[in-house]
Amino acid sequence: MTSYPGRTSPVKRGKWILEQLLCSPPPPPPPGVATDLTAMMSGGTLRQKLEAHRQKPECAGCHRLMDPLGFGLESFDAVGVFRQTDEGSPVDASGQLPNGANFSDNIQLADLLASDPRFLRCVTMKLFTYAIGRTPMDADEGQLLQIIDQFGTSNASLRQLVLSIIRSEPFRSRRGEQESGEGVMP
């Protein structure tokens with residue numbers, strides 16, 4: 001999903017991390033900017049090619065957010081198998097986040113992501129949404145903030161997060177499907 005059939009994609013992987021783990025999607029590319037990087041894929045390592053791409057002012061804003069995150073997952077090939085080399089060269093899974101934090105591998109990246117306050121809120125929001133079967137509404141904000149606070153003080157225990165969600169009013173008073181004039185909707 002975050003790779004191409006024959007190679008990894010630090011860009012897709014970084015975008016996925018921003019969207020799915022940090023709830024901070026990058027802005028869309030500016031109008032008229034080519035997003036197909038296939039033409040620039042000849043010569044040099046993937047890291048070198050993306051570095052050259054980030055030199056373009058119209059591309060740098062988004063790619064400085066996505067690429068380092070994606071490089072942190074380069075130890076995994078296109079189908080997710082751990083690897084130490086890529087086409088005979090050692091994999092470089094290091095990077096620097098926009099806030100200046102450096103990491104050398106996927107483990108350090110995971111630690112940096114787990115300590116990001118957006119991660120705590122994002123994971124809580126996504127699990128809360130799944131549990132109640134709908135997008136949270138303004139009326140849920142107080143409960144959601146309370147759950148995030150409880151999750152943060154429990155050393156980010158998934159067990160505690162699940163318990164907090166199932167004890168919440170939105171979960172306990174979850175409504176079923178609306179009835180139509182012809183009975184229950186499928």
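Worth pointing out:
- When residues of segment 48-80 are limited to those that are open to solvent by 60 Å² or more (accessible area, probe 1.4 Å) and more than 22 Å from PRO27 (Cα to Cα), the one modelled with the highest pLDDT: VAL79
- Filter result for LEU120 (buried (at least 17 other Cβ atoms within 10 Å of the Cβ), within 30 Å of THR85 (Cβ to Cβ) and free of Cβ contacts under 8 Å to residues at least 60 places away in the same chain): no
- Filtered by the rule that a residue be open to solvent by 60 Å² or more (accessible area, probe 1.4 Å) and either out of contact with any strand residue (DSSP E or B) (no Cβ under 6 Å at 6 or more places or on another chain) or on the phi > 0 side of the Ramachandran plot (or both), segment 90-113 gives PRO90, ASP92, PRO98, ASN99, SER104, ILE107, GLN108, ASP111.
The values are calculated or read from the model by the stated rules, or taken from the named source; none is laboratory data. Computed from a predicted structure; not experimentally measured. Heads up, the Cβs are rebuilt from the backbone with ideal geometry, glycines too, and the neighbour counts pull from every protein chain shown. Ligands, DNA and RNA are stripped out before the accessible areas are found, and what is left, the full protein with its side chains, is counted by its heavy atoms. Shrake-Rupley method; radii C 1.70, N 1.55, O 1.52, S 1.80 Å.
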